[in-house]
Amino acid sequence: MVSALDNQPAVRMTVVGSDGPLVIHGSTAKGLDDAVAVIIEQPRPIDLTPAIVGAHGLTDRERQVTEGVLRGLVTKQIARELGIAEYTVQDHLKAIFTKVGVATRGELAYELFMRHYLPPTLAGATPGPYGYYLDSTDGA
């Protein structure tokens, strides 16, 4: 029997509660009629990137350029990957720097690290298996 959910795509969202962010994944459970599998876990850095850059008011294209910078790509590589001119990448970088309050790519990476990754380290959190942090009370 084919489930009504078989043709539905997987769903993924990040929510922020009083204890911090969580990622929720949902999809149909294969082989089980009308069953849905749901996973709730601590977010990985890739899950938080949209929320972090969104907090700075970056547009979708600025977010894509920021992700390229954080992956270590040079302007030419970012332009090629996004299908835009190198000058357009530079214009986006200027806007990003203004919104985040930095002047260079290095400062951009540092700012995002200092605000979102250093505090959990200083609070004693342990990096989890996916790169982000486990709650320090987990004992992991």
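The values are calculated or read from the model by the stated rules, or taken from the named source; none is laboratory data. Since the structure is predicted, the reported quantities are computational estimates derived from the model, not experimental observations. No Cβ is skipped: glycine too gets one built from the backbone with ideal geometry, and neighbour counts run over all protein chains shown. Accessible surface areas use protein heavy atoms only, side chains included; no ligands, DNA or RNA. Shrake-Rupley method; radii C 1.70, N 1.55, O 1.52, S 1.80 Å.
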Would you pick out the residues in segment 1-42 that are surrounded by fewer than 12 Cβ atoms within 10 Å (Cβ to Cβ) and at pLDDT 75 or above? Lys30, Gly31, Leu32, Asp34, Ala35, Val38, Ile39, Ile40
Filter segment 74-127 down to residues that are polar (S, T, N, Q), in contact with a Leu (Cβ under 9 Å, 6 or more places away or on another chain) and either at pLDDT 95 or above or open to solvent by 70 Å² or more (accessible area, probe 1.4 Å) (or both), then give me how many there are. 2
